[in-house]
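One structure below.
FYI, it's all coordinate maths here, none of it is from the lab. As the structure is a computational prediction, the values presented were derived from the model and not from experiment. Cβ: placed from backbone, ideal geometry, glycine included. Neighbour counts: every protein chain shown.
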Amino acid sequence: MTDPRTDPVAHLRRDLAFEAELPGGHYRFATTWGLFSPRGIDEGSKLLLRHVEVAPDADCLDLGCGYGVLGVVLARLAPHGHTTLADKDFVAVEYARRNLALNGLANGEALLSNGFDALRERRFDVIVANLPAKVGKELLTIYLHDALATLQPGGALWMVTVTGLRRFIERMSKEVFDDYDKVKQGPHYTVAVTRKPG
């Protein structure tokens with residue numbers, strides 16, 4: 001523990017904590033500064049969670065999980081499946097692990113992976129991603145191709161993006177998956193799903 005008498009930012013080093021009502025019930029989250037949206041769940045994730053469809057026995061992936069909001073909810077919605085939370089940031093992975101435990105979810109795991117690099121041998125029924133706009137269209141294109149390779153036949157990739165990326169995601173989804181469905185478009189975010197042929 002840091003001593004506030006000798007550390008003027010000791011209060012900032014402490015974990016942030018909040019609770020939220022999301023699909024599947026009540027949740028608790030621990031976060032820290034430096035992770036995406038540390039004070040509360042961002043609007044894009046909330047929009048995606050209002051629309052995502054997941055079977056109780058689905059094997060799921062939360063790609064770029066951050067502290068694990070999407071993956072924690074999927075693990076609860078799919079209690080008879082297995083949910084993997086993956087991020088390239090080791091701090092995010094540690095908090096995702098903690099948030100699975102905080103919510104009593106033994107059917108999930110969090111692991112370090114640069115995109116799909118550590119996931120190539122796995123197969124998923126559902127992949128969710130809150131795709132960051134700043135990573136560039138090249139990396140988003142790689143993600144779509146890798147998602148196609150790791151989805152089970154008939155599996156679905158659910159994405160939320162800033163609305164400005166909607167046309168690009170639509171075009172690339174049709175090119176890679178030959179499929180695209182705009183689920184919900186708001187003023188700032190768009191939720192879409194693309195499915196692998198069954």
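Just for segment 82-192, what percent of DSSP beta bridges are antiparallel, to the closest 5?
40
Compute the label zone of Val91 within segment 100-141: residues whose backbone N is under 14 Å from the point 7 Å along Cα-to-Cβ.
none
Please work out how much length the chain gains when fully extended from Ala10 to Ile142, using 0.36 nm per residue of separation minus the C-alpha to C-alpha distance, in nm with one decimal.
Here the answer is 43.5 nm.
How would you rank Val176, Val54, Val162, Val73, going from fewest to most other Cβ atoms within 10 Å of each one's own Cβ?
Val162, Val176, Val54, Val73
Given 5 Å bins starting at zero, what is the percent of C-alpha pairs of the chain in each, up to the one with the largest pair distance?
1, 8, 16, 20, 21, 15, 9, 4, 2, 2, 1, 0, 0
Take the chain, connect every pair of alpha-carbon atoms lying under 10 Å apart with a spring to form a Gaussian network, then pick out the residue of Asn107, Asn99, Asn130 with the largest mean-square fluctuation.
Highest fluctuation of the listed residues: Asn107.
Using the basic label-point model (7 angstrom from Cα toward the beta carbon), what is the Glu53 to Arg123 distance in nanometres?
Each label point is offset 7 Å from its Cα along the Cβ direction, giving 2.1 nm.
Give me the percent of DSSP beta bridges within the chain that run antiparallel, rounded to the nearest 5.
Of the beta bridges lying entirely in the chain, close to 50 percent run antiparallel.
Using a simple spin-label model with points 7 Å from Cα along the Cα→Cβ vector, what separation in nm is obtained for Lys182 and Val135?
Computed distance between label sites Lys182 and Val135 equals 2.3 nm.
Given a Förster radius of 22 Å and the C-beta distance between Ala17 and Lys46 as r, what FRET efficiency does 1/(1 + (r/R0)^6) yield to the nearest 0.05? Don't skip to the answer; put the middle values down first.
Values: r = 18 Å, r/R0 = 0.83.
The calculated FRET efficiency here is 0.75.
When the helices in the chain are scored as -39500 (n - 2.57) per DSSP H run of 4 or longer and the sum is shared across all residues, what 222 nm value do you end up with, to the nearest 500 deg cm²/dmol?
Result for the chain, helices only: -9000 deg cm²/dmol.
May I ask for the angle, rounded to the nearest 10°, between helix 90-102 and the longest principal axis of the chain, with both axes built from Cα atoms and the value confined to 0 to 90°?
80
Taking the alpha-carbon distance from Lys88 and a cut-off under 21 Å, which lysines remain once sequence neighbours fewer than 8 residues away in the same chain are dropped?
Lys134, Lys137
For the pair Leu102/Ser37, report the inter-label distance in nm, with labels modelled 7 Å from Cα in the Cβ direction.
It works out to 1.4 nm between the two label points.
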